[in-house]
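I have placed the structure first, in the form of structure tokens, so that the comments after it can refer back to it.
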Amino acid sequence: MGRYLWLLLLPLFLFGSSVKTFKWNNGESFLHFLEHKKLPLSLYYSMDKEDQKLTEDIPFSATCQMLISNKKIIEQILIPVNDELQLQIYLTKKKKYHIRIIPIVAEMYHEVLYTEIKTAPYDDILKSTGSKNLASTFVKMFKGRVNFKKDIKPGDPLVIVYNQQYRLGKYFSMPEVSGAMMEISGKRYAVYKHTDGRYYDAKGAQYEKFLFKLPIRNARITSRFTKRRYHPVLHRYRAHVGVDFGARPGTQILATGDGRVCFCGYSNGYGKTIKIRHSNGLTSLYAHQKGFKAGIHMGSKIKQGELIGYVGSTGLSSGPHLHFGMYDGSTPINPLSVMKKKTEGFTGKEYRQFVAIRSKLDKIFNEKMKTKPVRHKLVDFQNTYYVDKDTFKAKVF
Ligand SMILES: [Zn+2]
């Protein structure tokens, strides 16, 4: 490994380039960023609408990388737009800047955490894994079901079964929890992720206390949520971090859940947009509106199903529709995975599927309770790297 690493680093030593990491500024517009770095604004205008819109979803405080030559020339910048795709600005041999969207190289690992509570679940999960995201995901899952302050006693066990992405040896993106359980004074509370992406208790009842409703009556979905899609004709990567509903201009847009308006205004890509922050920590977004309901403003208190605005085609939109987004912090999630299901309980094939998932997870829970494994600490890798222009492969610097 050492020998290969040396070969990798050689050209960088020769040319004296260096990699700097920086955090994406909260709320910074992409155009402002280019201006600030003295990069041509034409980079933004050369992108198509869909890609321009993606620049508005760059997560707050996203970790970005910049490769700079010894003459202080920016050779490359990498900005993650979600956990699968990143923007790459790079200097060509002809000394011109280009921009494109490329996949983020990450590895997925399946992990199981067993721990006993010493102080509080959040602190104990953080201590044993170092992952704030895993700790907060777990707490969110059981919030409203378990009283974390009152019910839990030291020594109560918890198990989490999840997939975690790593980028160059470090946690990357939100963990995907497939099941979790806690035993409080001998009573088990378990959550299972079904094939529909929703969480259920052992009886197959939808687990989340806080469930959303569709923002359009008689909704017709025209484009679904995807973090990464390869366009076979255009030969490029795409993402659509929301759900589009086709509807006539002027169709009523209804709040998906109770909450408070945290944005009400115009953005380049999304046009007239409202964002609502909900009590479970998620934020919903309603874009391309024709207009808002009179009287709505920042801070307005909203009830589920309340009229907030009207379908339009403002911003970078190809026709009247509602782009509906859902965010956990600044991470986009599939809005349909947190919608209330019309029917309660499983039947037939779906029931059999659920039983299979449940018994598989129960088996893991029980095994971990018996063996009580000690989780070994992760090795700390360096986190600065750049991407090879031709292979897309990440290279450690
Ligand atoms: Zn959309």
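How big, on average over all directions, is the shadow cast by the Cα convex hull of region 2-104, in nm²?
7.3 nm²
Which order do Arg167, Arg100, Arg260 take when ranked by solvent-accessible area (1.4 Å probe, heavy atoms of all protein chains), largest first?
Largest to smallest exposure gives the sequence Arg260, Arg100, Arg167.
Give the whole-number value, in cubic angstrom per residue, of the convex hull volume spanned by the C-alpha atoms of the chain.
It comes to 170 Å³ per residue, whole-number rounded.
Give me the Debye-computed log₁₀ of I(q)/I(0) at q = 0.18, 0.24 Å⁻¹ for region 221-338, equal point scatterers on Cα only, no solvent, two decimals.
Results for region 221-338 at q = 0.18, 0.24 Å⁻¹ read -0.90, -1.50.
Kindly report, to the nearest 10 Å², the accessible surface of Lys213 as traced by a 1.4 Å probe over protein heavy atoms only.
Around 110 Å² of this residue is reachable by solvent.
Placing +1 on the Cβ of each Lys and Arg and -1 on the Cβ of each Asp and Glu in the chain, which of Asn218, Gly186, Val241 has its Cα farthest towards the positive end of the resulting dipole?
Asn218
Using a Förster radius of 41 Å, what is the FRET efficiency between Val355 and Phe22 based on their Cβ-Cβ separation? Nearest 0.05, please.
After rounding to 0.05, the efficiency reads 0.25.
Using unit Cβ charges (K, R positive; D, E negative) and no other charged atoms, how large, in debye to the nearest 20, is the dipole of region 54-101 about its Cα centre?
640 debye
In terms of solvent-accessible area of protein heavy atoms at a 1.4 angstrom probe, what is the ranking of Leu126, Leu113, Leu214, highest value first?
Largest accessible area first, the list is Leu214, Leu126, Leu113.
Could you list which residues have their amide H under 5 Å from that of Ser300, counting only those 5 or more apart in sequence or on another chain, with H placed in the peptide plane?
Val261
How large is ³J(HN,Hα) for each residue in region 319-326, as worked out from phi by the Karplus curve 6.51 cos²θ - 1.76 cosθ + 1.60 (θ = phi - 60°), to whole Hz, x for Gly and Pro?
Per-residue couplings from phi come out as x, x, 6, 9, 8, 10, x, 9 Hz.
As a test question: what accessible area, to the nearest 10 Å², does Met339 have when a 1.4 Å probe is rolled over all protein chains in place?
The value for Met339 is about 10 Å².
I'd like to know which of Asn268, Gly305, Gly257 lies farthest towards the positive end of the charge dipole of region 221-338, counting +1 on Cβ of Lys and Arg and -1 on Cβ of Asp and Glu.
About the Cα centre, the residue reaching furthest to the positive side is Asn268.
Report, in cubic angstrom per residue, the convex hull volume of the C-alpha atoms of region 58-211.
150 Å³
Only four residue types carry charge here, +1 at the Cβ of Lys and Arg and -1 at the Cβ of Asp and Glu. Report the dipole size of region 63-144 about the Cα centre in Debye, rounded to the nearest 20.
Around 780 debye, computed over region 63-144.
Treating only the Cβ of Lys, Arg, Asp and Glu as charged (+1, +1, -1, -1), what charge dipole size does region 2-104 show about its Cα centre? Round to the nearest 20 debye.
Using Cβ point charges on Lys, Arg, Asp and Glu, region 2-104 gives about 760 debye.
Which value in deg cm²/dmol, rounded to the nearest 500, describes the helix-derived mean residue ellipticity at 222 nm for the chain, given -39,500 (n - 2.57) per DSSP H run of n ≥ 4 and division by the residue count?
The helix contribution divided over the chain gives -5500 deg cm²/dmol.
The values are calculated or read from the model by the stated rules, or taken from the named source; none is laboratory data. A quick note: this is a predicted structure, and the numbers were derived from the prediction, not measured. Here Cβ is always computed from backbone atoms with ideal geometry, including for glycine, and neighbour counts include all displayed protein chains. Please note that ligands, DNA and RNA were not included when accessible areas were found on the heavy atoms of the full protein model with its side chains. Shrake-Rupley method; radii C 1.70, N 1.55, O 1.52, S 1.80 Å.
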